[in-house]
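As structure tokens, the structure follows; a few thoughts come after it.
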Amino acid sequence: MSTACPNIISREEWGARDPAKALEDMQGPAQYVFIHHGAGVSCTDKQDCIQQVQGYQNYHMDDHKWLDIGYNFVVGEDGNVYEARGWTAVGAHTQKYNHVGIGICVIGDFNRRLPNEAAQDTFRQLIQYGVEQGHISPGYTLKGHRDVGSTECPGNQLYKLIQSWPHYKSGTQRYA
Ligand SMILES: [Zn+2]
């Protein structure tokens, strides 16, 4: 397992809007990691990925009326991580699990193809880093969004892939 630090682009760097009001803090390390896909356009360079992340934030805040972009982090096929709500704030990504899980979204639509190697490596590095930093429980459970909600997310191909990753468990049982 690689221990390389993921390259995290801060909110300031991608020009995030401030949350509509203060976000609630998560209690203790996250017991779950949920993987999502954006189900839209993909990006392989930083400028394009920043546009996508800004688009997610605008959509979540303006259309959904959420306090901020819903995810904790967003991963692009440019190999960068984009800080969304970050490690400690409760997200709005996986109904009923936002208080106990970190939500990570990969930019793109992964029903018919896999995220590239750069995005896959970055995703794994981010989880590993989160465990090392004490933000994710070492015994965390990895799930796809569809495991706990009626959604196609994170796309058929990506969903198939994560089932081979360590810590993956299907179903809605709570292990926390
Ligand atoms: Zn999702």
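The values are calculated or read from the model by the stated rules, or taken from the named source; none is laboratory data. Computed from a predicted structure; not experimentally measured. Cβ sites come from the backbone with ideal geometry, for glycine too, and all protein chains shown count toward neighbours. These accessible areas exclude ligands, DNA and RNA; they are computed on the full protein's heavy atoms, side chains included. Shrake-Rupley method; radii C 1.70, N 1.55, O 1.52, S 1.80 Å.
The table for this structure:
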| quantity | calculated |
| --- | --- |
| Unique residue being touching a residue at least 60 places away in the same chain (Cβ under 8 Å) and either in a loop (DSSP other than H, G, I, E, B) or out of contact with any His (no Cβ under 7 Å at 6 or more places or on another chain) (or both) when the list is Val53, Val41 | Val41 |
| Extreme residue, nearest to the ligand (Cβ to nearest atom), among residues of region 145-159 that are in a loop (DSSP other than H, G, I, E, B) and surrounded by fewer than 24 Cβ atoms within 10 Å (Cβ to Cβ) | Cys153 |
| Restricting region 85-108 to residues that are open to solvent by 20 Å² or more (accessible area, probe 1.4 Å) and in contact (Cβ under 8 Å) with a residue 40 or more places away in the chain, the residue that is farthest from the ligand (Cβ to nearest atom) | Thr88 |
| Index of the failed condition, Met26 passing every other in (1) at pLDDT 95 or above; (2) crowded, with 20+ Cβ neighbours inside 10 Å | (1) |
| Checking Leu114 against (1) within 16 Å of the ligand (Cβ to nearest atom); (2) part of a loop (DSSP other than H, G, I, E, B), the condition it does not meet | (1) |
| Per-region count, region 1-19, residues modelled with pLDDT of 95 or more and either open to solvent by 70 Å² or more (accessible area, probe 1.4 Å) or polar (S, T, N, Q) (or both) | 6 |
| Among the residues listed as Tyr82, Tyr59, Tyr32, Tyr71, the single one being part of a helix (DSSP H, G or I), among the aromatic types (Phe, Trp, Tyr) and either within 23 Å of Leu161 (Cα to Cα) or open to solvent by 40 Å² or more (accessible area, probe 1.4 Å) (or both) | Tyr59 |
| Counted residues, region 117-127 - those being within 16 Å of the ligand (Cβ to nearest atom) and either open to solvent by 30 Å² or more (accessible area, probe 1.4 Å) or in contact with a His (Cβ under 8 Å, 6 or more places away or on another chain) (or both) | 0 |
| Members of region 35-56 found to be open to solvent by less than 30 Å² (accessible area, probe 1.4 Å) and away from the ligand (no atom under 16 Å from the Cβ), listed by number | Cys43, Cys49, Ile50 |
| Condition broken by Tyr129, with the remaining ones in (1) outside any helix (DSSP H, G or I); (2) within 26 Å of Ala16 (Cα to Cα) satisfied | (1) |
